[in-house]
Amino acid sequence: MSKDAIRWVVKDSSKPNVFWPSEEMKKKAWVSDEKIYEEAAKDPVAWWAKLAEDGIEWFKKWTETFVHEPPFYKWFVGGKLNICYNAVDRHVKTWRRNKAAILWEPEPLNEPHRVLTYYDLYREVNKFANVLKRLGVKKGDRVGIYLPMIPEVIIAMLACARIGAVHSVVFSAFSGQALKDRLLDAEAKVLVTADGYYRRGSIINLKSNADIGVEGTTVEKIVVVKRLGLNVNMVEGRDYWWHELMKDAEPYCEPEVLDSEDMHFILYTSGTTGKPKGIEHHVGGYAVQAYWTARLTFDLHDDDVFFCTADIGWITGHTYNCYGPLLNGATFVLYEGAPDYPAPDRWWQIVEKYGVTIFYTAPTAIRMLMKYGDEWVKKHDLSTLRLLGSVGEPINEEAWLWYFNVVGGGRCPIIDTWWQTETGGTLIHSLPGIGPFIPTVAGRPFPGTKFAVLTEDGKQASIGEVGYLVHLPPFAPGMLRTVYKDPERFKQQYFGVYGDTIYYTGDGAYIHDAMGNIRITGRVDDVMKVAGHRIANAEVENAIAQHTAVVECAVVPMPHDIKGEVPVAFVVLKPGYEPSNDLETEIKRIVDKLIGPIARPEKIFFVEDLPKTRSGKIMRRILRALLRNEPVGDVTTLMNPESVHRLKEIIWLKRS
Ligand code: PRX
């Protein structure tokens, strides 16, 4: 670490582990005045209207800013715009023409990286938009995108946006069957995929999955990017190589003039039933929120290099590996591969290589890298970093502090961003120039948005009281408009609990302090009722993770004759620690100490691995089912399906 690295945070003089922006941060940040919250709250609709005007170039101004017909809502009604125009064309008319837009890092170390400037991107996107048109894609048609983390995925998304087609990106590590389910629901006309890609040094044959995926669907044409040069099956009249179509594509495609409430994209996410929901986002509101949250949440400036590690197949990838940075004319890193390949310092090597200033990842990754040890981080000069972000699940204190101290060198704020596929962009977090930054506490709602924590009977919960996190009107502009082809599910899922003007997030939370900072306790389906007390799994997990031997853990409820439910913990130990009765007692004591004996795990299973989705979320549902001896259901979409078998054995052994 170079000695002159800037300190972007200062410690609170009276409270341990509370941090505030330093003078340097306040000077640099887009916003540093606390008054922004009050100003925005006076008239949120007018505030968003001002943001929409300042951040986005509209072809025609809207006539009504916010229209609410509960449970449905619209933003910037009558406004005309094009996101692709805003993300690309706008910048090529300025000094940013030859500014780097995408710094693409391939997984193999011996392959050269690629830099795409805004002008490069402009040329590629225009051509691919014409390719799509030639393949028969029209405004409103759905295009499936099943691509790894290569620049073509961004080009394809922007090309759709340019012609008003609706993209539905499917995570490239999903199986062919999972792809098929989504293509069927979206009724996609064209699929864009690749021959294959690298993951942890091996070759993934993506095209063969794509072939399974399109069977029996409405897909008429497939465009295949040659990433690896594999010998793949190409069906005459259906399959085309990207580079061949691009060779003689026209260089300019007029951006379609879209309505603010035209559909922009569909992104599938898991719901409470087995069938994924198609979350539907519309053009205008999403553009405004993507622009402003990228800018203010991460304090994104022209001289920043943003590295968001999320895959493009998730909402975080959509908003912060594509639209948010591009709308801002920023430079960002797009990395193809695994965080720990060929070694656990790959991300830190990338940060050093490009001089990354803003780094955004998920707690699960932080915990994994923490497990490898500090030396991997310390091998690299990370002094360019000025801001760290976290997303996707509650971050436990130990991971927060490791991220803060080891990765950020104790100099950078951690912006713990709460949001969902449904919200389109970040919504609850501290602002970099305002703070505070407190481990496990996300922060306040984004200016101009309103959230509440409600009790079961719909009353405002008091400070410290765990309740249900809800979003109140006017809903953030980037919020989903409906579930694709299923408005009933939209109604019932999000407005079925407190009525049709209160959006139910599905998360538990509590107000942490008088300032209104919010701590998210986790999904409500992961909340236990133990002897009448409501205990969040995440809270118990957080307590257990305080033990020095623990890397990661999951707590799930188990039925209990007297208490209704009791918590059971699955614990992954750090290398060098062995399971023992003493360790079990120590862990229980920590829970007693931090929460109380009511939260004490009834049983502790020491395990090597926890079942996780491909996005890294722990699948507590599977642990619950295993404990109850119930069928675990489909495990094929897990990152590590083999863990389920091992867990079964461990549970069985402990029982017998
Ligand atoms: O439970 C919350 C958790 O992730 C859920 C949304 O998941 P998904 O739609 O996959 O989007 C993840 C990326 C935006 C939320 O309902 N979650 C997300 N961020 C946080 C979080 N929980 C706690 N803290 C966060 N910062």
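The values are calculated or read from the model by the stated rules, or taken from the named source; none is laboratory data. Small disclaimer: the values here were computed from a predicted structure and weren't measured. Methodologically, a virtual Cβ is constructed for each residue, glycine included, from the backbone with ideal geometry; neighbour enumeration extends over all protein chains shown.
Residues in the range 359-376 that are buried (at least 17 other Cβ atoms within 10 Å of the Cβ) and more than 16 Å from the ligand (Cβ to nearest atom): 368, 369, 370, 376.
Scanning the range 510-548 for residues that are at pLDDT below 85 and in a loop (DSSP other than H, G, I, E, B) yields 531, 532. When only residues in the range 289-307 that are touching a Ser or Thr at 6+ places or on another chain (Cβ under 9 Å) and closer than 18 Å to residue 83 by Cα count, which is surrounded by the fewest Cβ atoms within 10 Å (Cβ to Cβ)? Per the criteria, the residue is 293. Each residue in the range 380-391 was checked for being more than 20 Å from residue 419 (Cβ to Cβ) and either free of Cβ contacts under 8 Å to residues at least 60 places away in the same chain or within 16 Å of the ligand (Cβ to nearest atom) (or both), and 2 of them qualify. Yes or no: the range 625-648 includes at least one residue that is away from the ligand (no atom under 16 Å from the Cβ), surrounded by 12 or more Cβ atoms within 10 Å (Cβ to Cβ), of a type in the set (Ser, Thr, Tyr) and in a helix (DSSP H, G or I). So far as the range 625-648 goes, yes, one or more of its residues are away from the ligand (no atom under 16 Å from the Cβ), surrounded by 12 or more Cβ atoms within 10 Å (Cβ to Cβ), of a type in the set (Ser, Thr, Tyr) and in a helix (DSSP H, G or I). Entry remark, the range 375-398: residues being farther than 16 Å from residue 309 by Cβ, in a loop (DSSP other than H, G, I, E, B) and modelled with pLDDT of 95 or more number 5 in total.
Let's see how each residue does on (1) in contact (Cβ under 8 Å) with a residue 40 or more places away in the chain; (2) over 30 Å from residue 79 (Cβ atoms); (3) part of a helix (DSSP H, G or I); (4) within 16 Å of the ligand (Cβ to nearest atom):
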| residue | (1), (2), (3), (4) |
| --- | --- |
| 400 | yes, yes, yes, yes |
| 430 | yes, yes, no, yes |
| 457 | no, yes, no, no |
| 475 | yes, no, no, yes |
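As for the range 177-184, it holds at least one residue that is part of a helix (DSSP H, G or I), small (Gly, Ala, Ser) and in contact (Cβ under 8 Å) with a residue 12 or more places away in the chain. Looking across the range 48-88 at every residue that is in contact with a Pro (Cβ under 7 Å, 6 or more places away or on another chain) and in a helix (DSSP H, G or I), the one that is surrounded by the fewest Cβ atoms within 10 Å (Cβ to Cβ) is identified as 85. Restricting attention to the range 218-248, the residues being assigned to a loop (DSSP other than H, G, I, E, B), within 14 Å of residue 192 (Cβ to Cβ) and out of contact with any Phe, Trp or Tyr (no Cβ under 7 Å at 6 or more places or on another chain) number 3.
Let's see how each residue does on (1) more than 16 Å from the ligand (Cβ to nearest atom); (2) touching a residue at least 12 places away in the same chain (Cβ under 8 Å); (3) in contact with a Lys or Arg (Cβ under 9 Å, 6 or more places away or on another chain):
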| site | (1), (2), (3) |
| --- | --- |
| 349 | yes, yes, yes |
| 378 | yes, yes, no |
| 393 | no, yes, yes |
| 403 | no, yes, no |
| 433 | yes, yes, yes |
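Given the structure, is residue 310 closer than 29 Å to residue 280 by Cβ, buried (at least 24 other Cβ atoms within 10 Å of the Cβ) and small (Gly, Ala, Ser)? Criteria not met by residue 310. Assessment of the range 410-424 against the conditions (away from the ligand (no atom under 15 Å from the Cβ), touching a residue at least 24 places away in the same chain (Cβ under 8 Å), over 14 Å from the mean Cα position of the chain (by Cα) and part of a helix (DSSP H, G or I)) yields no matching residue.
Restricting the range 337-363 to residues that are in a loop (DSSP other than H, G, I, E, B) and of a type in the set (D, E, K, R) leaves a set whose member that is nearest to the chain's Cα centre (by Cα) is 340. In this entry, residue 290 passes the filter for residues that are assigned to a helix (DSSP H, G or I), in contact (Cβ under 8 Å) with a residue 40 or more places away in the chain and within 16 Å of the ligand (Cβ to nearest atom).
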